[in-house]
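Here's the structure we're looking at; comments come further down.
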Amino acid sequence: MSPCVAAYELQSGGDQCTIPIEVRIALNDLNRQLITYESVSEAQLGQLTDALRHRRVVALTGAGCSTESGIPDYRGPGTRRRARNPVQYREFVSDAMARKRYWARSVVGWPRLSQALPNAAHRALAVMEQSGIVRGLITQNVDRLHHAAGSNHIVELHGALAEVRCLTCGAIEPRDSVQKRLLALNPGWHEQRAELAPDGDAELPTESIERFRVAACQACAGILKPDVVFFGESVPREVVVDAWRLFDEGDALLVIGSSLAVFSGYRFVRRAAERNMFLAIVNIGPTRGDSLAHLRVSGRAGEVLSRLVERCLGPGCRIDFGDRSGNPVVPR
Ligand code: NAD
């Protein structure tokens, strides 16, 4: 068994796993580094470049765009079999224990999520927008990494974890401020070692969660909820309108790093197919939109997009897809 497969087998034990948490964290990190993929062929890149270069491209991005920044996805090769049970909207609003569980775990997960840096895929998309190839992004991600990379025209379909909303008065408070208040109520809580889960969540033992104290709205003492769309909740209407407006500006849809299992993203692929818009998908592994795509590129988003930028804009515009730091170079 290769070390990669061994690490994967061990880390996918889910909640039944008896391996100590420190070992699981180390194995997950190792696993992420070891899962490597065949480089995408020049022929495929050539097809993608030719198809997109003279079109008005709208990008639809998903969790796979951020895995190279260290944020796990839900349905990738390293996560597919992990036992996950994200909180449902109805449960969160009606059950105080569910809110306690959410915030207790989120306080541990937030520092790692908020410190994540944009990767080559985010940076390539920002360069493509600055150079006019990409009109804008519809993102399913909640990590704000497209903003951090310099993209401007972004519709966040599922909101952003960086903001927290009061369910009673609607006041918005930055997540960093809520984090400080939660830590004042629960000193040292964030120092627990835990495995980072998608959406800034973290795995914690149930018994420790019971003692956690939840913060309330500063304005009205109402219930606070991260300003993201939970499972079982609808995307706000004004966000859907903005997303369709952006979608209508394009004549090609480029999907990056999404399984398209969630309907709020998949509907754009369906509409693209109905309109016979050019549809390209860059993803590791299968997606729900594969049979509708004109072009399907299987590869790492960071690599594919940075090589696409280089082909579209020339070798002066090189984005290092092996490096998480530094800025893209745009020729003037
Ligand atoms: P998903 O987990 O269902 O699918 C991600 C896809 O990306 C998988 O098919 C995976 O194989 C692929 N992938 C992983 N790494 C990749 C890489 N480096 N290059 C190319 N492909 C890669 O994610 P989704 O379709 O976005 O749906 C999940 C939902 O969960 C979203 O609606 C989102 O709101 C939320 N979510 C967000 C984040 C985030 O903000 N970073 C992370 C996890 C989940």
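Separation between the Asp290 and Leu117 pseudo-spin-labels, each 7 Å from Cα along Cα→Cβ, expressed in nm?
Result: 3.4 nm between the two label points.
Evaluate the distance, in nm, between pseudo-label points positioned 7 Å from the Cα of Gln192 and of Ser298 along their respective Cα→Cβ axes.
A separation of 3.9 nm, rounded to one decimal place.
Explain nothing, just compute: Karplus ³J(HN,Hα) = 6.51 cos²θ - 1.76 cosθ + 1.60, θ = phi - 60°, for every residue of the range 275-285 in order, whole Hz, x for Gly and Pro.
Rounded to whole hertz, the list is 8, 6, 6, 5, 10, 10, 10, 10, 7, 8, x.
Okay, which of the range 211-243 sit inside 17 Å, backbone N to the point 7 Å along the Cα-Cβ direction of Val93?
Hits in the range 211-243 for Val93 at 17 Å: 217, 222-239.
Can you tell me the FRET efficiency between Glu210 and Ser234 if r is taken as the Cβ-Cβ distance and R0 is 30 Å, rounded to the nearest 0.05?
0.45
Modelling each spin label as a point 7 Å along the Cα-to-Cβ direction, I'd like the Ile223/Arg270 distance in nm, to one decimal.
Going from the Ile223 label point to the Arg270 one covers 3.0 nm.
If I stretch the segment between Thr49 and Asn152 completely, what's the gain in nm (0.36 nm per residue apart, minus their alpha carbon distance), one decimal? Before the final figure, lay out each step's value.
Numbers: separation 103, 0.36 × 103 = 37.08 nm, distance 2.24 nm.
Between Thr49 and Asn152, full extension yields an extra 34.8 nm.
No lab work stands behind these numbers, since they all come straight from the coordinates. Please read all numbers here as calculations on a predicted model, not as lab measurements. Virtual Cβ from ideal backbone geometry, glycine too; neighbours counted across all protein chains shown.
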